[in-house]
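Asks: Here it is, the structure, as structure tokens.
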Amino acid sequence: MQVSWEDIRQRVQSCTSCKLCETRTKAVLGEGKPDAALMFVGEGPGRDEDLQGRPFVGAAGRLLDRMLASICLDREDVYITNVVKCRPPGNRVPEPSEAEACLGYLRAQFVLIQPKIIVCLGATAARHLCGPDIRITRDRGVWHEKKGIWMLPTYHPAALLRDVSKKPDSYQDMQAVRVKLIELAIEAETRSENAE
Ligand code: URA
């Protein structure tokens, strides 16, 4: 069954499927182009995101904006969301049961958006989307293809803020995304609304 954006928005706002609902201020569905070719999936909302109800709006989000700019894209060209839609207290890693309870929303977003490329920001997203054994330092920059969707694990922007020595690898991964967009002949389409 395909749900509409309105359905999924309402379900996420009123979701009580796991205990993260008890401590959230606002659930964060995600935002961006509703039919984006390129999607970014992070771990879960942090403090700023929980307060504003928008993904990646804090320091890590500002770095994500710069990463996008490095391949001539901005937020309006892509769709940005997280594995869990409610903030884990203290920004801890979501528990497996919390991620499981929330993954149906992410799958519904994939069905609505039909992305061609998904960038997994950090180990939590990469393990849930590419495979449970992923280690981000070892496996970042390696493409995974599932049902015609190309997925790339890379560092979470928050990890880059903690350790700037990871930045060159991260920018290399963004260039790999740009090359994949060109290979799939969707680069111009992805940027088209900026150009108009
Ligand atoms: N970290 C995430 O994983 N997601 C956000 O939305 C913000 C910070």
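Asks: Determine the sum of side-chain charges near ASP173: Lys and Arg each +1, Asp and Glu each -1, restricted to other residues whose C-beta is under 13 angstrom from that of ASP173.
Replies: +3
Asks: With contacts defined as alpha carbon pairs under 8 Å and 6 or more residues apart, what's the relative contact order of the chain in percent?
Replies: It comes to 24 percent, rounded to a whole number.
Asks: Restricting everything to alpha-carbon atoms, can you work out Rg to Rh for the stretch 1-69 with a Kirkwood hydrodynamic radius?
Replies: We get a ratio of 0.99 for the stretch 1-69.
Asks: Straight-line reach from LYS26: which lysines fall under 27 Å, measuring Cα to Cα and dropping same-chain residues less than 8 apart?
Replies: Qualifying lysines at Cα under 27 Å: LYS85.
Asks: To continue, here is another question. Could you provide, to the nearest whole Å², the per residue accessible area of the chain with probe 1.4 Å?
Replies: 48 Å²
Asks: What does the convex hull of the Cα atoms of the stretch 12-115 come to per residue, in Å³, rounded to a whole number?
Replies: Normalising the Cα hull of the stretch 12-115 by residue number yields 89 Å³.
Asks: Cut-off under 18 Å on the C-alpha distance; same-chain residues fewer than 8 positions from LYS33 excluded. Which aspartates and glutamates are left, in chain and number order?
Replies: GLU6, ASP7, ASP65, ASP74, GLU76, ASP77, GLU187, GLU189, GLU193, GLU196
Asks: Sorted by average packing, counted as other Cβ atoms within 10 angstrom per residue and highest first, what order do 20-28, 123-131 take?
Replies: 123-131, 20-28
Asks: A follow-up question, please. Count the DSSP beta bridges whose two residues both fall in the chain, then state the antiparallel fraction as a percent rounded to the nearest 5.
Replies: Taking every DSSP beta bridge within the chain, about 30 percent pair in antiparallel fashion.
Asks: If you don't mind, another one. Any idea how far the Cα center of the stretch 38-80 sits from the one of the stretch 129-173, in Å?
Replies: 15 Å
Asks: Give me the one-decimal nm value for the distance between modelled label points at ASP65 and GLU22, 7 Å along each residue's Cα-to-Cβ direction.
Replies: 3.6 nm
Asks: Let me know the Kirkwood hydrodynamic radius for the chain, please, with Cα pairs as the basis and the value in Å to one decimal.
Replies: Evaluated over the chain, this radius sits at 16.7 Å.
Asks: Moving on. Among the lysines, select those whose C-alpha is under 23 Å from the C-alpha of LYS166, and discard any that sit fewer than 8 residues away in the same chain.
Replies: Straight-line reach from LYS166, under 23 Å: LYS180.
The values are calculated or read from the model by the stated rules, or taken from the named source; none is laboratory data. None of the values given here were measured: they were computed from a predicted structure. Counting neighbours? That spans all protein chains shown, and the Cβs are built from the backbone with ideal geometry, glycine included. The protein model used for the area step is the full one, side chains on, heavy atoms only, and it has no ligands, DNA or RNA in it. Shrake-Rupley method; radii C 1.70, N 1.55, O 1.52, S 1.80 Å.
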